[in-house]
Each structure stands twice: as structure tokens, then as C-alpha cells.
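Just below is one structure, and these are the notes that go with it.
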Amino acid sequence: MSLALLMPGQGSQFVGMGKDLAERFPLAAETFREADDLLGFELSRLMFEGPEDELVQTRNAQPAILVHSVAVSRLVADEVSGATLAAGHSLGEFSAWVAAGSLGLRDALRLVRRRGELMFEAGTNRPGTMAAVLGLDDAMVAEVCRDASAGAERDVVVPANLNARGQVVVSGDVTAVQRASEALREAGARRVVPLSVSGAFHSALMKTAEEGLRVELESVKFGPARFPVVSNVTARPVRESSEAPELLVRQLTSPVRWAESVAVMTAEGVDSFLELGPGNVLSGLNRRNARGVATRSLGTADEIEAFLAEENS
């Protein structure tokens, strides 16, 4: 079997995340303590106990999701050693490079913590928003976004997350997203759902975050990877890890080509997926993106114990 690993992105965080892992697996507890020490504050307590309004802050949610994914990756490392590809949704791309052995936890945590701060700052300097669009194809959503953008530099809306057939997230200036949302409903969208976010991620409104992230990435060396990681920007496997930093910078203002990324992995022969980290959003998307391909979520202690028992029976 050809196995690919999927790493979730922001939005998968929840109060209590990882607590059961720490209680049942010493390696997970050690991973959370390591993250606390590296960051200089008790991220694990925030993950386990909240409060939710602090956990969902971009600068906290991103390292929380990353360390949860890394803990799971470490717990199942032997069982997934034959993985041939990995991909992560937005933030999850950093987790994927850690799973590939190219990026260490210390550097990854520092990068995503700073990434979250930069994205929040960009959203403060130029407020924006996002909305999930259900029931329209990518081309129609793109056309509506073009029409809804006023042509002015500071009044734009674009497709930001191309998650699955009939599921797209748009991002941009508040007024432009509101115009687009109304037009998308008129165009036949089944639902248009405003998202509670601190900025217009994966759009030009994140441009001011690029240079800060580039500076952080320049201080990090990506080592050889055990397997390629599929880039959100290109939807293609990155086989030279030296290419990762620039792609991760571009990711801030580029759409997440998730459905295409999964299609590329199946075209490369992947016939089994494991989602490593909190929640099961990516497994759910695979019901459309990879129909008939085995996909399994590993995020809770029960899920991991069952998986390990099966693999070692």
C-alpha cells in the first residue's frame, strides 16, 4: 500500500485537545512539555483547559495544532515509516515538514508562532474576513469574486481555500466579501457561511506578513525529507526541501489548492490516507476528494490505541 499523511490546519483546535494523549502516552506528554519549554509558556494548559477565546487566537491556535500533530506523528512513527507523501492544510504544511523529518519541533514552533502573530497583525492593519461557500463549482466562485471586487486595491475578494468540489472559502476586504456573499447566494450557492477569523487569510491582505515570515524562514535550515510534501501553492510534491521556505511564504497570499493536492497524491499511487492531528476535517473532505480511498483520522487516544493494536497484531 502507498500511504500519505494529512495534517490539519487552523480551525481544528478545541479546548481539551491532546489531554487524553498526554494522560495515556508518556511520549505525548513529553512532547507537550517540550513545546511548553520551547515557547516559554504553558501551551499545553491552554490546549487542555482553555479558555477558548485565548486558544482560538491565531498565535496560539497554530502552535497548538502543530504540536498536537507532532505528538501523534511521534506516537505512530514506526507504523507510518513507509509513508510516500504528506500534505498539510495551510498551517498543516509546517506539520507535514516535521513529519517528513525536514524540520525540527523547535524551529517549527517558533515559525508558526511568529506566523500567527504576523497574520494577526496583518488582519489588524487591514481588516478582512472569510466565508465558506457550499454548492458552487470553483470557476463560478472565482467569477463572482472577480465581479464583486471593485477594482480598487483595497476592496477585493478571492477564492482562498479550494477544499473540495462544491466547497470553497473566499477571503478579502469586509465589504467585498459581503458583496460576493450576496452574489454567490443569487448564483445558486446552497449556503454561504461567514467565518469567525482575525483576517483575510490566503489573500493579498496578508501581503504585509510575507516579509516577516521570510526573515524567520531564512534563519532555519530544512534538512533532507524522508518523503515529498505537497505544496498548497503549487499542488505538487516538493522533492527538494530547500524549495519549502519560499513556498511557505507564498502560501500566505495564495489559495490553498487542497482538492487538487489530494488528486495529485492519488494520481501518484496513494491508496491510503492517515490524518494526524486534532479533528477529522480532512478525512471528511476526502469523502469527496478521494472517494473509495481508505482514509483514517488519528487524533484521540482511543483512535491511536486502536490503530496501534491493529498494526501490531
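The values are calculated or read from the model by the stated rules, or taken from the named source; none is laboratory data. Predicted model only: the values in this text are computed from it and were never measured. Cβ coordinates were reconstructed from backbone atoms using ideal geometry, including for glycine residues, and neighbour counts include every protein chain displayed.
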The lone condition Glu153 fails out of (1) touching a Gly at 6+ places or on another chain (Cβ under 9 Å); (2) of a type outside the set (S, T, N, Q); (3) not assigned by TED's automatic domain parsing to the domain that holds Val262 is (1)
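Based on what the data block shows, is Ala209 within 26 Å of Met7 (Cβ to Cβ) and touching a residue at least 60 places away in the same chain (Cβ under 8 Å)?
Answer is yes for this residue.
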Counting only residues in segment 79-124 that are of a type in the set (Val, Ile, Thr) and within 26 Å of Phe307 (Cα to Cα), the one nearest to the chain's Cα centre (by Cα) is identified as Val98
Filter segment 139-168 for residues that are under 25 Å from Gly284 (Cβ atoms) and free of Cβ contacts under 8 Å to residues at least 40 places away in the same chain; the one that is surrounded by the fewest Cβ atoms within 10 Å (Cβ to Cβ) is Ala139
Scanning segment 27-55 residue by residue, those touching a residue at least 60 places away in the same chain (Cβ under 8 Å) and not small (Gly, Ala, Ser) turn out to be Thr31, Glu34, Leu38, Leu39
Please verify whether Gln251 is in contact (Cβ under 8 Å) with a residue 60 or more places away in the chain and not assigned by TED's automatic domain parsing to the domain that holds Asp155, treating the condition exactly as stated. yes
Residue pairs within 9 Å by beta carbon, gap of at least six or interchain, first lying in segment 1-26 and at pLDDT below 95, second surrounded by fewer than 20 Cβ atoms within 10 Å (Cβ to Cβ) and charged (D, E, K, R), listed first then second, are Met1/Asp271
When (1) over 18 Å from Gln251 (Cα atoms); (2) within 16 Å of the chain's Cα centre (by Cα) are applied to Leu3, the one that fails is (2)
